Amino acid sequence: MPMAESVPVAVNSVWQRETVERTLPSMEATRPSLLTSAASSRLDAIRDTARAAPLLHAYPLETVVATIRGIAEPSSYGYLPESIFAALSALNNRFGPAETGFYKKQLIIQLIDEMPARIQALSLPKSIEELYPDILDVVVETLVDTPDQQYLAAVGDLIRELRITSARSIPCGAQIVDNCTSAPRSIYRYQGLHNNLKSLWFILSRLGGLSPLFRIHTESRYLKYFNETGWDDCYRRISELMRGNPRIRGLIATSWFYDPQLEIISPRLAYLRRRPVDNGAYLHFDGTNDIDIERATSTSPTRRELYEKGEYMPTCYTLLWARADLLRWAARN
């Protein structure tokens with residue numbers, strides 16, 4: 001059944017980013033917390049003004065937050081200004097890894113405190129706003145349960161949490177949506193003339209260009225909606241985002257689970273490929289690498305056994321689903 005219509009205000013810039021940054025200060029007290037009461041209590045228990053004072057004196061949170069707010073759109077998923085890495089490196093050299101981890105926790109708490117105003121300014125669909133307590137429960141659990149010295153020690157983990165808490169990555173249920181990206185030019189190169197022309201035809205005739213696109217990806221800590229119904233709901237939420245963002249040409253995703261081999265090896269996952277492909281999406285063969293092998297075999301004894309016997313090689317594909325085709329599917333479903 002179709003989800004209830006909740007269409008955000010149409011805007012010319014992706015998710016009204018400039019408007020958000022101008023209006024945040026005046027909206028700070030206008031919205032209740034997005035946290036559950038349990039998550040809020042857990043965060044309050046680790047707020048430590050006295051311990052944070054020397055860190056914040058050296059590197060005020062407001063400076064780092066302002067830098068994050070100032071990241072121009074579109075920006076790649078992995079981009080953070082060098083000044084943030086420089087500040088964290090200086091903190092580590094001066095105070096050590098445990099205090100640097102504690103500082104990162106205070107930074108994430110600050111961004112969480114600002115989220116109600118940020119989400120209101122983005123005019124997100126109600127169906128997406130309702131997901132924030134769930135995703136923030138995961139963020140808070142990681143923050144509270146991880147020892148300070150280990151917290152967001154990996155750059156990828158730091159980028160992930162900063163993007164979620166600054167609303168640059170948006171929860172849509174089964175997938176997280178990154179706000180604005182581009183398909184790589186390699187998608188119509190290096191695959192032989194026939195395949196290159198097929199890819200180029202789809203980009204020109206269906207997408208209308210390489211960007212801007214929504215990119216979707218799986219959050220491994222947040223799998224409660226990773227099932228067929230959850231994915232359908234996710235695509236409906238993405239369609240709502242697209243209706244409010246007319247510049248977005250479609251979505252892009254890259255994963256081993258779009259591999260046609262799964263029709264036979266893991267038929268219960270076949271819907272992951274069939275739903276978009278049966279409704280106009282295009283698949284581009286990317287090949288195999290160690291990450292795809294690890295991800296495809298770590299959760300399935302069957303896939304692991306077939307791989308070890310040489311009967312299955314996990315293969316990665318990039319999926320492109322044009323805006324018009326996704327919206328058409330959502331209108332029918």
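Number of residues in the range 225-238 that are open to solvent by 10 Å² or more (accessible area, probe 1.4 Å) and either of a type in the set (S, T, N, Q) or over 11 Å from ILE128 (Cα atoms) (or both): the value is 6. Here's a check for you: in the range 291-333, which residue that is acidic (Asp, Glu) and in contact (Cβ under 8 Å) with a residue 24 or more places away in the chain is nearest to ARG237 (Cα to Cα)? The extreme case among them is ASP325.
Of all the listed residues (LEU251, LEU241, LEU272), the sole one being in a strand (DSSP E or B) and either open to solvent by less than 40 Å² (accessible area, probe 1.4 Å) or over 23 Å from PRO212 (Cβ atoms) (or both) is LEU251. Residues that are within 28 Å of the chain's Cα centre (by Cα) and either aromatic (Phe, Trp, Tyr) or open to solvent by 70 Å² or more (accessible area, probe 1.4 Å) (or both) within the range 302-318 comprise ARG304, MET313, TYR317, listed in sequence order.
Of the set (1) loosely packed, with under 15 Cβ neighbours inside 10 Å; (2) within 22 Å of SER300 (Cβ to Cβ), all apply to ILE216 but (1). The residues of the range 274-290 that are without any contact (Cβ under 8 Å) to a residue 40 or more places away in the chain and of a type in the set (Lys, Arg) amount to a single one, ARG274. Considering the range 153-179, the residues that are among the basic types (Lys, Arg) and in a helix (DSSP H, G or I) include one that is farthest from LEU111 (Cα to Cα), namely ARG160.
Of the residues screened, ASP325 is one that is over 14 Å from ILE216 (Cα atoms), open to solvent by less than 70 Å² (accessible area, probe 1.4 Å), of a type in the set (Asp, Glu) and in a helix (DSSP H, G or I). Filtered by the rule that a residue be open to solvent by 10 Å² or more (accessible area, probe 1.4 Å), touching a Pro at 6+ places or on another chain (Cβ under 9 Å) and of a type in the set (A, V, I, L, M, F, W, C), the range 135-176 gives a lone residue, ALA153. Counting only residues that are part of a loop (DSSP other than H, G, I, E, B) and touching a residue at least 12 places away in the same chain (Cβ under 8 Å), which one in the range 185-209 is farthest from THR165 (Cα to Cα)? Top of the filtered list is GLN191.
The values are calculated or read from the model by the stated rules, or taken from the named source; none is laboratory data. Quantities reported herein were computed from a predicted structural model and do not represent experimental measurements. Please note: Cβ atoms are built from the backbone with ideal geometry, for glycine as well, and neighbour counts cover all protein chains shown. These area figures cover heavy atoms from the full protein model, side chains too; ligands, DNA and RNA do not enter into them. Shrake-Rupley method; radii C 1.70, N 1.55, O 1.52, S 1.80 Å.
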